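A.B. asks: This structure is in structure tokens; I'll ask about it shortly.
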Ligand SMILES: [Zn+2]
């Protein structure tokens, strides 16, 4: 064998290796079958079009049943809507604060009609746009109701919505999702990815995962997949390019098991038309929205990682831990598409949250927060932990917030009330902060799941976070 031939062979093997790796990284989407009952949960009217127009068309073509559940009517951006209506209507036209939500429902119905899905299959819950993550975080107490500044109401204002007059409370969202899913009994559910940077998209992932935990006991156990709409500057190429593929965001590629669903040219064209049907949205964001009409759609398998149980006196083995990586994009309270540290006053002084690892030892949850970029002073680092136990009302379980101040003092709150002597300990080792948290603080040693997020702050701004994740807790 000549040297040239062997190097060619080596090159070929190398190429094959890259090819095999890429094949493994994105697998083929499990085709929809005639018996499938598909639910797509969209935080806003248009998310279902962007993420799943091809899936919807293919499901209808094989004869499967499809329902779309809209968490909100997308009624937040009232100023942009006024600009839109001024261009469309007579200058004297004054839309009510509910007109945007009503119009987006009409647009969604038209888009779905175009894909072959009748309006009777669309369920609008009508919860407040841009506020559902706040609901998830802060509104589990029975007497607290969120007031939506954009519409000036504290309950669902749309008479045609499923949840009409239901107060803006987290328990109501959960109950309404459970009710709609229970009636339809889906075999496959699709919702936004937990790492999507839009707050409503994150909230939708949490509420749907919670509803599915609640329904598990009733024998309703659909397969769950995630789709992504907002992630920094993804997709990198804007505008309509019907021959380009859609790739997963680079930083999420290895964290999820991605599946790709190929679309035919006709399905892509129809998807493009359906996107344009959402006129109120296309006016401001045409480049981004039309970028989703590509040769394929992407879905990630939703599986909760398990927090393993270590023997009582064993050394903490972090290689076994459930691992949540922080995002490379920055969510912020005001906007959702920042993706660099440039916005913050001085990136050198910001502590970056690299990842968080969870172990269970005896009746404690042990969390390791890994920080990097410790050259400057850090702000507060906060861990939010919501325990879940089947058979107990989730709202009644403690919503725990552990704050670690820059000088390593701990402040523990349950549903905004300070806790005296919570029994939480903190150990600092180099760039790691290890918290030992009694499970009884989270609702008992028998909690079986946990919703968790860690957030690093720079002053009042969020500098980094891990997004919310659902974890399965190993029993003792
Ligand atoms: Zn959305």
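A.B. asks: Return only the number of the condition from (1) touching a residue at least 60 places away in the same chain (Cβ under 8 Å); (2) under 18 Å from residue 285 (Cα atoms); (3) surrounded by 24 or more Cβ atoms within 10 Å (Cβ to Cβ) that residue 78 does not satisfy.
C.D. replies: That leaves (3) as the condition not met.
A.B. asks: So which residues in segment 157-207 are surrounded by fewer than 24 Cβ atoms within 10 Å (Cβ to Cβ), within 18 Å of residue 140 (Cα to Cα) and within 16 Å of the ligand (Cβ to nearest atom)?
C.D. replies: The one that is surrounded by fewer than 24 Cβ atoms within 10 Å (Cβ to Cβ), within 18 Å of residue 140 (Cα to Cα) and within 16 Å of the ligand (Cβ to nearest atom): 199.
A.B. asks: If you don't mind, there's one more thing I want to ask. Quick check on segment 226-243: of everything there that is in a loop (DSSP other than H, G, I, E, B) and within 16 Å of the ligand (Cβ to nearest atom), which residue is surrounded by the most Cβ atoms within 10 Å (Cβ to Cβ)? Reasoning before the result, please.
C.D. replies: So in segment 226-243, the residues in a loop (DSSP other than H, G, I, E, B) come out as 228-230, 232-233, 235-243.
Next, only the ones that are within 16 Å of the ligand (Cβ to nearest atom) stay: 228-230, 232, 235.
Working: 228: 26, 229: 23, 230: 23, 232: 19, 235: 20.
Ranking the qualifying residues of segment 226-243, first place goes to 228.
A.B. asks: Still on this structure, please answer the following. Filter segment 215-225 down to the residues that are out of contact with any helix residue (DSSP H, G or I) (no Cβ under 8 Å at 6 or more places or on another chain) and within 16 Å of residue 258 (Cα to Cα), then identify the one that is farthest from the ligand (Cβ to nearest atom).
C.D. replies: My answer is 223.
The rows are residues; the columns are (1) in contact with a helix residue (DSSP H, G or I) (Cβ under 8 Å, 6 or more places away or on another chain); (2) more than 16 Å from the ligand (Cβ to nearest atom); (3) modelled with pLDDT under 95.
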position	(1), (2), (3)
59	no, yes, no
68	yes, no, no
90	no, yes, yes
97	yes, yes, yes
137	no, yes, yes
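A.B. asks: Could you check, for segment 147-157, whether at least one of its residues is within 22 Å of the chain's Cα centre (by Cα) and at pLDDT below 95?
C.D. replies: Taking every residue of segment 147-157 in turn, at least one turns out to be within 22 Å of the chain's Cα centre (by Cα) and at pLDDT below 95.
A.B. asks: Still on this structure, please answer the following. What's the total number of residues in segment 282-302 that are in contact with a strand residue (DSSP E or B) (Cβ under 8 Å, 6 or more places away or on another chain) and assigned to a loop (DSSP other than H, G, I, E, B)?
C.D. replies: 2
A.B. asks: For segment 420-442, what are the residues that are at pLDDT below 95 and surrounded by fewer than 17 Cβ atoms within 10 Å (Cβ to Cβ)?
C.D. replies: Correct list: 420, 421, 428, 429, 430, 431, 432.
The values are calculated or read from the model by the stated rules, or taken from the named source; none is laboratory data. Computed from a predicted model, the values in this text were never measured in an experiment. Every residue, glycine as well, gets a Cβ built from its backbone with ideal geometry; the counts of neighbours run over all protein chains shown.
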